[in-house]
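So the structure is just underneath, and the comments pick up after that.
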Amino acid sequence: MIKKTKRKGFKMKTLIIAILFLTTAISLSAKTTDIYQHAREMRLAQSHQQNVKNGSKKLYFATRAAKAGNPNAQFDLAIMYATGHGVKKDERLAFNWFHKAARNGHVGAKYYMGLSFQQGRGVRANAHLARYWFKQAAKAGHPKAVYQLARVEEILNHRVIGGSRYSMR
C-alpha cells in the first residue's frame, strides 16, 4: 500500500508539472508570435516611410518638369495623383495634369482624358467629351482607345435611337 500512494503522488506531481509546462509553452508561443508580428509591422512601417521618401523625391522632380511643360512628367504626375502613389489621392488634380499632358500631345493622357470623362473621375461624366478624347487617342495610335471609342459610340447611338419616336423596340 505504501508503494501505491507514492505512485499516485508521483503521477499527480508529473501531471501538475506537465500542465505547468504546457501552459508556459503556450504563453511563450503566444508572446513569440506577438514579437514576430510586431517585427513584421515595424518592417512594413519602415518600408512605407522609405516609399514616401522616394515618392516625395519623385513628386518633387516630376512637379518641376511638369511645370516646365514636359508632357511625360505631367502624365507621371497625373498617374501619381490618380492612384495615390507617393501623394494623397486627388482625382481632380489628376484630371488637370492629364489635361495638360494631353494638350501637349501625350497619347496616354488623351486616353485617360477619355476615361475620366467616361467614368466621371475628377470631372462630371460627359459621353460626348469622352468620345472626343478617345478619338484623339485613337488617331494618335492608342490601341485601347479604339475599343473605348466603340463603346462610347454605342452608348451615344443607343441614347439617340432609343430616345426617338422611331425606336425599333
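We did not get these values from a lab; they are worked out from the coordinates using the rules stated. Note that this is a predicted model, so its numbers are computed, not measured. Here Cβ is always computed from backbone atoms with ideal geometry, including for glycine, and neighbour counts include all displayed protein chains.
Residue count for segment 83-139, restricted to those that are within 13 Å of Pro71 (Cα to Cα) and touching an Asp or Glu at 6+ places or on another chain (Cβ under 6 Å): 0.
Matching residues to (1) over 22 Å from Lys58 (Cα atoms); (2) of a type outside the set (S, T, N, Q); (3) crowded, with 22+ Cβ neighbours inside 10 Å:
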position: Thr83; (1), (2), (3): no, no, no
position: Glu91; (1), (2), (3): no, yes, no
position: Trp97; (1), (2), (3): no, yes, yes
position: Lys110; (1), (2), (3): yes, yes, yes
position: Gln119; (1), (2), (3): yes, no, no
position: Arg124; (1), (2), (3): yes, yes, no
position: Leu129; (1), (2), (3): yes, yes, no
position: Tyr132; (1), (2), (3): yes, yes, no
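Applying the selection to segment 57-78, what residues are without any contact (Cβ under 8 Å) to a residue 24 or more places away in the chain and part of a helix (DSSP H, G or I)? Hits for segment 57-78 are Lys57, Tyr60, Phe61, Ala62, Thr63, Arg64, Ala65, Lys67, Ala73, Asp76, Leu77. Every test in (1) loosely packed, with under 12 Cβ neighbours inside 10 Å; (2) more than 26 Å from the chain's Cα centre (by Cα); (3) more than 30 Å from Ser56 (Cα to Cα) is passed by Pro143 save one, and that test is (2).
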